[in-house]
There are 2 protein chains.
Amino acid sequence: MPKMPIPGVKNLIAVGSGKGGVGKTTVSVNLAVGLASLGYKAGLMDADVYGPNVPLMMGINRTPMAYGERIQPLEQFGVRIMSMGFLNPGDKPLVWRGPMLHSVIQQFLRGVEWGDLDYLVIDLPPGTGDVQLSLIQTAPITGAIVVTTPSDVSLEDARKAVFMFHQVKVPILGIVENMSYLICPHCHERTDVFSYGGGRRTAQEMQVHFLAELPLDPQVRIGGDTGKPIVLRDEGAPYIELAKNVVARTEEVAKEEGPKIEIEE
Amino acid sequence: MPKMPIPGVKNLIAVGSGKGGVGKTTVSVNLAVGLASLGYKAGLMDADVYGPNVPLMMGINRTPMAYGERIQPLEQFGVRIMSMGFLNPGDKPLVWRGPMLHSVIQQFLRGVEWGDLDYLVIDLPPGTGDVQLSLIQTAPITGAIVVTTPSDVSLEDARKAVFMFHQVKVPILGIVENMSYLICPHCHERTDVFSYGGGRRTAQEMQVHFLAELPLDPQVRIGGDTGKPIVLRDEGAPYIELAKNVVARTEEVAKEEGPKIEIEE
């Protein structure tokens, strides 16, 4: 299948996970805002059309405008955003069959006026199903990030996601271990609620990079629920580190791949 | 669409969630084992074919035997189990399109020799997509449980799941709030990592029952990762309570629905 570049978009970063609820959207949101705060032009595409949590986590929800056939993304914290949540607000679930889903995601990728972006972060739906596969087979993805918690159950599914990206020859930027440990706000002792270190170990075993170890911090969840990403605060330092590592790995991957033709509008 | 009963199976309980990673499989596993330990004949069908974690959490993984055209479920802790993980062990992901998925799930439901069961617990895939919809439209589900964490992000998706069950007229047994709070193993102070009480509040708002509040206990995760469900230990008491509430609600729902024809083999 052809992978046409998206005009103006330099790097397309896919954030996936084998399992849901590991913090994939939290990582995507804070990565995009972190990239913007480092001075890069950043976009965020919420491809989780069934449970689009990006609007809540970014604290923005309006109907986007369309000029002609192009949809204008919304902008928040310096990030251009598109989400199914903007088009289907409220509690009614979308129950779409595969082909229709495929066409919506293509619309998001190519029918949105992304403009010039250094990084477009795509928050994939969790899992390794056909929606994920269609998307990564048709989009010119620069590199993928796999998010996991340290629990064996989550790692079991993260390995499946790594395999999926390998199968379709998408370079893996690395694995992120989320909810690594909790510092008790009362006694400041550490608890490894979901175990610890499995992300790094799995990265070594699968010979992919390890990008970050992100703590299970109640402030992260509060940031998500109130639409104020933690990366904008002092406690968000690990997410700034993550953004820097993603930039470095993207440059490495670009070198490995050799020179590319860029199409400018 | 016709909803043919499954011969020998008295009650079919679907466990769903709008969002992944909220502990749906943990609840399903501990509910099934809890029902068995209360003396009921219980089965567990893992319908999450992309990320089948039931084998790991139940500590069992062998290829099931087939007699003629019927597949024999495996048995562990008194529960009869069927999972895609038994048929596709290892890390290679399944990437199946919708129709094939549909046929596998129908096989699990009707091609497995479940035998006489008081309760067959179905661990649905997370979300409100077409796999979930096909299954709940074709299976004679007695009642559904919706699992959520107390975070707003999770509750946003849980409401979608409640709507989905309403739409297809599946009675809702109730909402379960998982990862309600953490008791620090060091200082025994409580931390509401993912907030608290949102499950009960959402149940009230949506006029459905509230079934249980389950703590975020590292022992639950360890039980899952080592294949020894927490419900078998003292710390698992909240899951025994959950199983009792599910039994009570199932009886209520059966009364509301009026007498049913049961087909015996």
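The values are calculated or read from the model by the stated rules, or taken from the named source; none is laboratory data. The model shown is predicted, which means the values in this text are computed figures rather than measured ones. Cβ placement follows ideal geometry from the backbone for every residue including glycine, while neighbour counts extend to all protein chains displayed. Just so you know, the surface numbers come from the protein's heavy atoms only, side chains and all, with ligands and any DNA or RNA stripped out. Shrake-Rupley method; radii C 1.70, N 1.55, O 1.52, S 1.80 Å.
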Given N residues in the range B:124-265, what is its alpha carbon radius of gyration divided by 2.2 N^0.38 Å? 1.15
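With N residues in chain A, what two-decimal value do you get for its Cα radius of gyration over 2.2 N^0.38 Å?
On the way: Rg = 17.5 Å, N = 265, 2.2 N^0.38 = 18.3 Å.
It is 0.95.
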With each pseudo-label sitting 7 Å past Cα toward Cβ, what's the residue A:201-residue A:248 distance in nm, one decimal? 2.5
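Tally Lys and Arg at +1 and Asp and Glu at -1 over the other residues with C-beta under 15 Å from the C-beta of residue A:241: what net charge comes out?
Result for the neighbourhood of residue A:241: -1.
With a cap of 12 neighbouring Cβ atoms within 10 Å, and only residues DSSP puts in a loop, list the GluC sites (Glu not before Pro) found in the range B:20-116.
For GluC sites (Glu not before Pro) across the range B:20-116 that sit outside H, G, I, E and B with at most 12 neighbouring Cβ atoms in 10 Å, the list reads B:69.
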The answer for residue B:121, listing residues at least 5 apart or on another chain whose modeled amide H is closer than 5 Å to its amide H, is B:13, B:43, B:44, B:45
For the residue pair residue B:87 and residue A:234, what label-to-label distance in nm results when each label sits 7 Å from Cα along the Cα-to-beta-carbon direction? 5.5
Please give the direction-averaged projected area of the C-alpha convex hull for the range A:86-199, in square nanometres with one decimal. 10.1
Note the distances from residue A:116 to each other copy's matching label point, with points 7 Å along the Cα-to-beta-carbon direction, in nm, sorted shortest first. 7.6
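Give me the percent of DSSP beta bridges within the range A:79-214 that run antiparallel, rounded to the nearest 5. Mind dumping the intermediate values first?
Values: 2 of 11 bridges.
Close to 20 percent.
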Solvent-accessible area of residue A:217, probe 1.4 Å, all protein chains present, reported in Å² to the nearest ten, please. 40
Out of every Cα pair in the protein assembly as shown, what percent are spaced more than 39 Å from each other? 21
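Return the FRET efficiency for the residue pair residue B:62, residue B:38: r is the Cβ-Cβ distance, R0 is 22 Å, and the value is rounded to the nearest 0.05.
Calculated value: 0.25.
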Loop-only GluC sites (Glu not before Pro) in the range B:183-219, please: DSSP not H, G, I, E or B, and at most 13 other Cβ atoms within 10 Å. B:189
Once you put a point 7 Å from the Cα of residue B:188 and another 7 Å from the Cα of residue B:70, both along the Cβ direction, what distance in nm separates them? 5.3
Cα convex hull of the range B:144-208 - mean projected area over all directions, nm²: 4.3
How large is ³J(HN,Hα) for each residue in the range A:14-21, as worked out from phi by the Karplus curve 6.51 cos²θ - 1.76 cosθ + 1.60 (θ = phi - 60°), to whole Hz, x for Gly and Pro? 9, 10, x, 7, x, 10, x, x
Counting Lys +1, Arg +1, Asp -1, Glu -1, what net charge surrounds residue A:25 among other residues with beta carbon under 9 Å of its beta carbon? -2
Eigenvalues of the Cα gyration tensor times 5, then square-rooted: what semi-axes does that give for the range A:1-126, in whole angstrom, largest first? 20, 18, 16
Over chain B, what is the relative contact order in percent, taking alpha-carbon pairs closer than 8 angstrom and at least six residues apart? 27
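Mind listing which trypsin sites (Lys or Arg not before Pro) in the range A:46-148 are in a DSSP loop and have 12 or fewer other Cβ atoms within 10 Å?
On the way: sites: A:62, A:70, A:80, A:97, A:110; in loops: A:62, A:97.
The qualifying sites are A:62.
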Cα-only Debye scattering, the range A:20-83: base-10 log of I(q)/I(0) at q = 0.21, 0.26, 0.28 Å⁻¹: -0.85, -1.17, -1.28
Heavy-atom SASA rank of A:40, B:239, B:67 (probe 1.4 Å, accessible area, largest first): B:67, A:40, B:239
Relative contact order, percent, of the range A:1-124 when contacts are C-alpha pairs under 8 Å separated by at least 6 residues? 46
So, over other residues within a Cβ distance under 10 Å of residue A:156, counting Lys, Arg +1 and Asp, Glu -1, the net charge is -1
